[in-house]
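Notes to accompany the following structure.
The values are calculated or read from the model by the stated rules, or taken from the named source; none is laboratory data. Values in this document were obtained by computation on a predicted structure and should not be read as measured data. For neighbour counting, all protein chains shown are included, and Cβ atoms are generated from backbone atoms with ideal geometry for every residue, glycine included.
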Amino acid sequence: MGLMLCLILAAPVAQAGERDHDRARRAVEAGEIKPLREVLAEAEKAHNGRLIEAELESKDGKMVYELKLLTVEGRVLKVYYDARSGALLKVDRPHSRE
């Protein structure tokens, strides 16, 4: 079964008709956020998991990558990274029994 990669930009629409991935690409090119591949590499290594889904959202005025990972133990993690700095903000374990 293949993994699904979904990049959604949940920030307010900058220009009518503009695509989400275009806004994300411009933000990366302008140096406003880190590329998803850099943050994802760190997340997969740190949490020993593989990407299921990725979103780029605006939370409290900050751009945040929300990544859903499947660990080698079969657990699903939601991890949140500051899109500008790449710093880990939060880890949720919605399907664990801890």
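In table form, for the structure just shown:
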quantity: Subset tally (residues that are more than 27 Å from GLU73 (Cβ to Cβ) and hydrophobic (A, V, I, L, M, F, W, C)) for the range 19-55; calculated: 5
quantity: Residue in the range 50-71 that is at pLDDT 90 or above and part of a loop (DSSP other than H, G, I, E, B) present; calculated: no
quantity: Qualifying position, being over 13 Å from the mean Cα position of the chain (by Cα), surrounded by fewer than 13 Cβ atoms within 10 Å (Cβ to Cβ), modelled with pLDDT of 90 or more and among the small types (Gly, Ala, Ser), among ALA41, ALA30; calculated: ALA30
quantity: Hits in the range 72-93 (condition: outside any strand (DSSP E or B) and among the basic types (Lys, Arg)); calculated: ARG75, ARG84, ARG93
